[in-house]
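S.K.: Please read through the structure below; I'll follow up with questions.
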Amino acid sequence: MTELEMIERARMYVQKLANGVNPTDGSEVPDGDVVNDVRISRCLFFVADVLRQVLENGGAAPAPKAEKKLQRLAFDLTFKQRERFEYSDIPITISELARRLNALIDTENMTKLPYTAISSWLTGLGLLETVTLPGGKLAKRPTEEGLENGIAVVERIGQNGPYHAVVYNAAAQHFVLDNLDAIIAEVKDAVALQGTPWTQEQDEMLSQMHAGGESIKQIAAVLKRRPSAVVSRVKKLGLN
C-alpha cells in the first residue's frame, strides 16, 4: 500500500467516524460514544477535509492561503435544494439521510448537519427514545409513534456479525424534510447555548415544566436547549 493509499484510507475512516458510522463494519456508532459529540464530530469533519486537501496536493500539506478563510455559514437549504433531495424507496439509516442532505450544500462554505441533530429532534418529538442494550450500551430505538411514522429496526450483517440498525422509509424521510426548518432552528439554539451553564432560574423552570407533564420537546423549545441536554439535566437533577 502506497503512502497516498494510506492517507485515503485514513480520510475514509475519519469521514465515516464524523458521520457517526463505524468504519470497520458500517454500523452506526452508539449514541453515547464520544464521536457523536457535536464538537468532536466537527473536528473529525475538519481532519477529513485536511486529508482530502493533502491527497489533492499529491501527498504534501496544502500551502496556506493568503487570506483568512471566512467562517462557514450555518447549515441551511433553499427550497430548490430541498427539491433535489434523493428520497429512497428502500429504508435508509439516519446517517445516510444526513449524508444526502449534506450532499446538497457547498461544504467549503457551510457546515454539515450532523445526523445526531436529526435524532435529537426526533427524540424530543417522541418518535425516538434512548434504550439500554444488553451489555450497557445506549442506542436510539423508535417509539410506537415512531413506528407509525415509518421508522423501524432491521437486522444487518457487518464484519463483526449481526447488528440492528434504525432505518427510515420514504414517509419518514419526507417527515424529516418537511420539518427541516425546526431541526435547523434547534441546532442554532443549541450552538448559541453550547457550553453555557444552566442557571438556577432555568433549573426551576425545568423542574416546574417537568412536574407539569410537559414533553422534553416543549421544555427544550422554551429553554432553547437541545432535547438531549434537557434529558441529561433531568437525570442530573433527579427528576425522573
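S.K.: Okay, helix-only estimate at 222 nm for the chain: each DSSP H run of n ≥ 4 adds -39500 (n - 2.57), divide by all residues, round to 500 deg cm²/dmol; what do you get?
M.R.: -15000 deg cm²/dmol
S.K.: Moving on to the next point. Which residue fluctuates most in the GNM of the chain (Cα springs below 10 Å): Asn22, Asn179, Asn160?
M.R.: Asn160
S.K.: How large is the translational diffusion coefficient of the stretch 16-58 in µm² per second when you combine the Kirkwood radius over alpha carbon pairs with Stokes-Einstein at 20 °C and 1.002 mPa s?
M.R.: Stokes-Einstein gives a translational diffusion coefficient of 195 µm²/s.
S.K.: Out of Ala117, Ala60, Ala185, any idea which swings most in a Gaussian network model of the chain, alpha carbons joined below 10 Å?
M.R.: Ala60
S.K.: Output the Kirkwood hydrodynamic radius of the stretch 119-167, Cα pairs only, in Å rounded to one decimal.
M.R.: 11.5 Å is the Kirkwood radius here.
S.K.: Sticking with this one: Any idea how far apart Asp89 and His174 come out in nm if each label point goes 7 Å out from Cα toward Cβ?
M.R.: 1.5 nm
S.K.: Express in nm, to one decimal, how much length is gained between Arg156 and Ala103 on full extension, taking 0.36 nm for each residue of separation and deducting their alpha carbon distance.
M.R.: Taking 0.36 nm per residue and subtracting the Cα distance, the gain is 16.6 nm.
S.K.: Step by step: find N for the chain, compute 2.2 N^0.38 Å, then divide the Cα radius of gyration by it. What's the final number?
M.R.: Dividing the Cα Rg of the chain by 2.2 N^0.38 Å gives 1.09.
S.K.: Taking all protein chains as present, what is the carbon and sulfur share of the accessible area of the chain, in % to the nearest whole number, probe 1.4 Å?
M.R.: The computed percentage sits at 55.
S.K.: For Phe75, what accessible surface area do you get with a 1.4 Å probe? Give it in Å², rounded to 10.
M.R.: 10 Å²
S.K.: Let me ask you something else. Please work out the average accessible area per residue across the chain, using the 1.4 Å probe convention, and give it in Å².
M.R.: 58 Å²
S.K.: Gain in length, Asn240 to Leu147, computed as 0.36 nm per residue apart minus the alpha-carbon separation, to one decimal in nm?
M.R.: Taking 0.36 nm per residue and subtracting the Cα distance, the gain is 31.0 nm.
S.K.: Leu4 accessible area, nearest 10 Å², 1.4 Å probe?
M.R.: Rounded to the nearest 10, the figure is 80 Å².
S.K.: Let me ask something else about it. Pairs on different chains or at least eight residues apart, Cα atoms closer than 30 Å: how many lysine pairs in the stretch 35-149 fit?
M.R.: Summing the qualifying lysine pairs gives 7.
The values are calculated or read from the model by the stated rules, or taken from the named source; none is laboratory data. Quantities reported herein were computed from a predicted structural model and do not represent experimental measurements. Every residue, glycine among them, receives a Cβ derived from its backbone with ideal geometry; neighbour counts consider all protein chains shown. Surface accessibility is based on the protein's heavy atoms, side chains included, excluding ligands, DNA and RNA. Shrake-Rupley method; radii C 1.70, N 1.55, O 1.52, S 1.80 Å.
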